[in-house]
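Engineer: This is the structure I want to talk about, given as structure tokens.
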Amino acid sequence: MMDPRDIALQASCPVLAAPRFGPLPEMANGQRLIVAANGVFVQVRLDWLDCVHRITPPVGLPLPYGRMEERLRFSFGVLPIRLIEDFLDAGRKGLPDEVAGVLIYRRGTRNLRLALCEPAYASPARIEYRRPAMEEDETVAVDLHTHGCGLPFWSADDDRDDQGIKVAGVFGCLHESQPQAEFRLVLNGRFKPLAHPWQREPHRRDEAHLEPGLLRRILRRWPSGGLPWNT
């Protein structure tokens with residue numbers, strides 16, 4: 001008989017084989033691992049997110065399972081550029097210090113709102129802050145901070161602090177007319193870089209999935225690194 005503790009642990013993160021002929025079973029909010037012919041995937045379901053992400057390549061055995069494709073879907077549709085530009089305005093007003101904020105998802109309305117974080121300490125090189133109070137049906141979907149006039153990058157502190165599940169973004173060069181940024185999807189300590197409208201020029205040339213024309217066109221296909229945005 002299986003130990004009850006193992007039963008509880010496996011229920012919190014079940015493992016299943018990818019169906020070869022039928023659809024995946026539906027899942028409630030939570031996390032599960034899927035063993036497929038083309039690798040091992042993690043699926044995460046939250047009020048605001050449905051994500052399938054490959055965490056290992058094929059295991060090297062001829063498994064009789066189906067194949068999986070990565071995907072990223074937001075319950076609120078697309079990330080609103082307007083709210084993030086509002087955050088950029090706050091970041092510029094806070095120069096030369098760093099500024100932090102969050103986009104909060106509300107289950108009842110399926111919408112996002114911007115809230116700035118109250119700094120306990122802020123300087124051009126570091127910020128310590130308190131997240132704003134949230135209603136019972138609200139949760140943080142996007143975590144944002146700035147590097148003031150410096151370049152955007154993921155520091156060791158960011159890697160340590162970015163746990164749980166969220167989209168994270170960092171902005172830099174706010175003293176310039178066109179800021180720079182880095183965005184990533186955070187999945188319990190794993191990070192997947194995401195394309196965004198503030199790509200630096202070399203990245204835009206290299207990324208075939210970025211459509212020509214207006215910089216802030218919607219990026220439609222996440223498996224190639226894209227992230228949907230709303231102008």
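The values are calculated or read from the model by the stated rules, or taken from the named source; none is laboratory data. As the structure is a computational prediction, the values presented were derived from the model and not from experiment. FYI the Cβ positions are ideal-geometry reconstructions off the backbone, even for glycines, and counts take in every protein chain you see. Please note that ligands, DNA and RNA were not included when accessible areas were found on the heavy atoms of the full protein model with its side chains. Shrake-Rupley method; radii C 1.70, N 1.55, O 1.52, S 1.80 Å.
Engineer: Averaged over all directions, how much area does the convex hull of the C-alpha atoms of region 71-124 cover when projected, in nm²? Write down the numbers at each step before the final one.
Structural biologist: On the way: hull surface 19.4 nm².
Projected area, direction-averaged: 4.9 nm².
Engineer: Let me understand region 1-98 better: what is its radius of gyration from the alpha carbons, and its Dmax, in angstrom?
Structural biologist: Values for region 1-98 (Cα only, Rg and Dmax): 19.3, 62 Å.
Engineer: Calculate, in nm to one decimal, what ARG107 and LEU16 gain on full extension: separation in residues at 0.36 nm each, minus their alpha carbon distance. Walk me through the numbers before you get to the answer.
Structural biologist: Working: separation 91, 0.36 × 91 = 32.76 nm, distance 2.83 nm.
Length gained between ARG107 and LEU16: 29.9 nm.
Engineer: At most 13 other Cβ atoms within 10 Å and a DSSP loop assignment: could you name the GluC sites (Glu not before Pro) in region 1-100 that fit? Can you show the working numbers first?
Structural biologist: Numbers: sites: GLU26, GLU69, GLU70, GLU85, GLU98; in loops: GLU26, GLU69, GLU70, GLU98.
Hits after loop and neighbour filter: GLU26, GLU69.
Engineer: Another question about this same structure. Using a basic spin-label model with each label point 7 Å from the Cα along Cα→Cβ, how many nm lie between MET134 and HIS175?
Structural biologist: Taking the two extended label points, one gets 3.5 nm.
Engineer: How far apart, in nanometres, would the label points at ILE81 and ASP47 be if each is projected 7 angstrom from Cα along the Cα-to-Cβ direction?
Structural biologist: 2.8
Engineer: Enter the Cα centre distance for the pair region 23-37 and region 46-96, rounded to the nearest angstrom.
Structural biologist: 17
Engineer: Still on this model: How large is the accessible surface per residue of the chain, computed with a 1.4 Å probe and reported in Å² as a whole number? Don't skip to the end; give the middle numbers.
Structural biologist: Working: 12640 Å² over 231 residues.
Accessible surface, normalised per residue, equals 55 Å².
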